[in-house]
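Heads up: the structure comes next, in structure tokens.
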Amino acid sequence: MKNKFLTTGLMAAILCMGLSIPAQAAVDQEVAFILNSFLFLVGGFLVMWMAAGFCMLEAGLVRTKNVATMCLKNIGIYAFAGILYFIVGYNLMYSGVDGGFMGSFSLWSASETAANEVINMETGYSSASDWFFQMVFVATAASIVSGTVAERIKLFPFFAFVIVLTGFIYPIQGSWTWGGGWLKELGFSDFAGSTIVHSVGGWAALMGAIILGARKGKYSPTGQVRPIPGSSLTLATLGTFILWLGWFGFNGASQLALGSAIDAVAVSQIFANTNMAAAGGVVMVLLLTKFLYKKVDLTMVLNGALAGLVSITAEPLTPTIGQAILIGAAGGALVVFVVPLLDKFQIDDVVGAIPVHLCCGIWGTLAVPLTNEGTSFMTQLTGILAIGAFVSALSVIIWLALKYTVGIRVSEEEEAKGGDLSELGMEAYPEFGYGSQKL
């Protein structure tokens, strides 16, 4: 994402050669600077809005006694991610990677501010707009973990893991491609982050779910699956629509430029493909669940939309709309078959984040060469395996370190009472919750 050539690159080259630039060209350069920065800012606040989508989706899919806890986790994730990305994450991901494995450990600082009026037009965009756009992505990766390990994890050990994930794990692996590191040199392609964002969150969530264990009562001693309905399918549906909307910023602004007609056409194509991949995922899951289970499963259909979105994220520009629908539909099918597979191994994923973000992230990254001739399956597979191994290994280390020091799981009594009362001392729905029984 970070290393795409901006449309102002030619202008910068002319400046470096010491050639004169007509007044109109200088004006065009400033216009491109403004439009590129505007794209980053609009895309950034759309991706930030996805935090609300994750929050509503997770609040709707957990039980009533854990809704307030999920709301707190999601706003905490966004805050911690922003602070850690400022302190160390951004420069670790982008500063001085130069084909290597990581950048520098240092604070990020803007190269220009409105106060001193020193603006470097050669960059093609405001440095603060770029930082903001990059920052909101890391919060997305951490939000994926939250839903998987919900209803049985302690609050502050979870935040401790988020700090390590957002401050170190995510930026280091991100530097390998978007920061111009060794995977970029190898030719690995991930346009907006099917692997770099979504599968990273998925690997971290999978390791956490395995080490944490399933919720009490989710699986019988004989291995039978006991469904645990969520608190509100209305909230879950709202969250899905919010995420769908935010994804236009996630994928569209990853074009990283809006300073030319070509860029405007590219962003438009990305929007269209992103939308139709989600539609493909919805329809595929709707039909498959009706065929397999005789009833349409709304929660599965919601995840079908997200599966289509994750699947197209690795390459939303080069497919035709028809190809985008098929890529999204394949992602939806993956969700339908992976959810029962996880239950077979008694891996309790409360919101279905592992099938959506991990499995469809892998699928979307492998699908890139189907429409982008400049990539290869072996290079894509290499990137997937390298990032998966790195994130999984570090996640296991951190999860186990937390488990055997401060502990990561609430007690059986606290789990039965719910995180809202045991962790926060309040309830999202006090009129219907545990506390109402004492009135």
Cα-centre dipole for the chain with unit charges at Cβ (Lys and Arg positive, Asp and Glu negative), debye to 20: 1420 debye
Determine, for 42, 265, 336, 145, the number of other Cβ atoms within 10 Å of each Cβ, and report the residues in order from fewest to most. 265, 42, 336, 145
Using just the helices of the chain, give the 222 nm mean residue ellipticity in deg cm²/dmol: DSSP H runs with n ≥ 4 each add -39,500 (n - 2.57), and the total is spread over all residues, rounded to 500. -19500 deg cm²/dmol
Just in the stretch 360-433: which GluC sites (Glu not before Pro) are loop by DSSP and have at most 11 other Cβ atoms within 10 Å? 373, 431
Which of 241, 191, 54 fluctuates most in a GNM of the chain (C-alpha springs under 10 Å)? That residue is 241
Rounded, prolate or oblate: which fits the chain, taking a ≥ b ≥ c as square roots of the Cα gyration tensor eigenvalues, rounded meaning a/c under 1.5, else prolate when a/b beats b/c? prolate
Highest GNM mean-square fluctuation among 227, 369, 157, for the chain with Cα springs under 10 Å, belongs to 227
Please rank 182, 203, fewest neighbouring Cβ atoms within 10 Å first, as an exposure proxy. 182, 203
Pick out, from 305, 147, 429, the residue whose Cα sits farthest towards the positive end of the charge dipole of the chain, with +1 on the Cβ of Lys and Arg and -1 on the Cβ of Asp and Glu. 429
Is the C-alpha gyration tensor of the stretch 176-296 telling us rounded, prolate or oblate? Criteria: a/c under 1.5 is rounded; beyond that, a/b larger than b/c is prolate, otherwise oblate. oblate
Of the listed links 295/344; 154/295; 73/218, those spanning more than 28 angstrom between alpha carbons are 154/295
I'd like to compare 228-236, 215-223: which one has the highest average count of other Cβ atoms within 10 Å, and what's the full order after that? 228-236, 215-223
Lys, Arg +1 and Asp, Glu -1 on Cβ, resulting dipole of the stretch 367-427 about Cα centre, debye, nearest 20: 420 debye
Take the chain, connect every pair of alpha-carbon atoms lying under 10 Å apart with a spring to form a Gaussian network, then pick out the residue of 376, 395, 146 with the largest mean-square fluctuation. 376
Compute the Cα gyration tensor for the stretch 60-100, then decide on rounded, prolate or oblate, letting a ≥ b ≥ c be the square roots of its eigenvalues: rounded whenever a/c is under 1.5, prolate when a/b is larger than b/c in the other cases, and oblate in all that remain. prolate
What list do you get for 310, 351 if you sort them by fewest beta carbons within 10 Å? 351, 310
Rounded to one decimal in nm, the spacing of the 7 Å Cα→Cβ label points at residue 101 and residue 119 is 4.1 nm
Hits for the chain under the membrane-span-like helix rule (DSSP H, Cα axial span at least 27 Å, Kyte-Doolittle mean at least 1.6) are 321-344, 377-403
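Here, each number is a calculation from the coordinates, and none is a lab measurement. Note that the structure is predicted; figures quoted are calculated from it, not measured. Quick reminder, even Gly has a Cβ in these numbers, built from the backbone with ideal geometry, and neighbours come from all protein chains shown.
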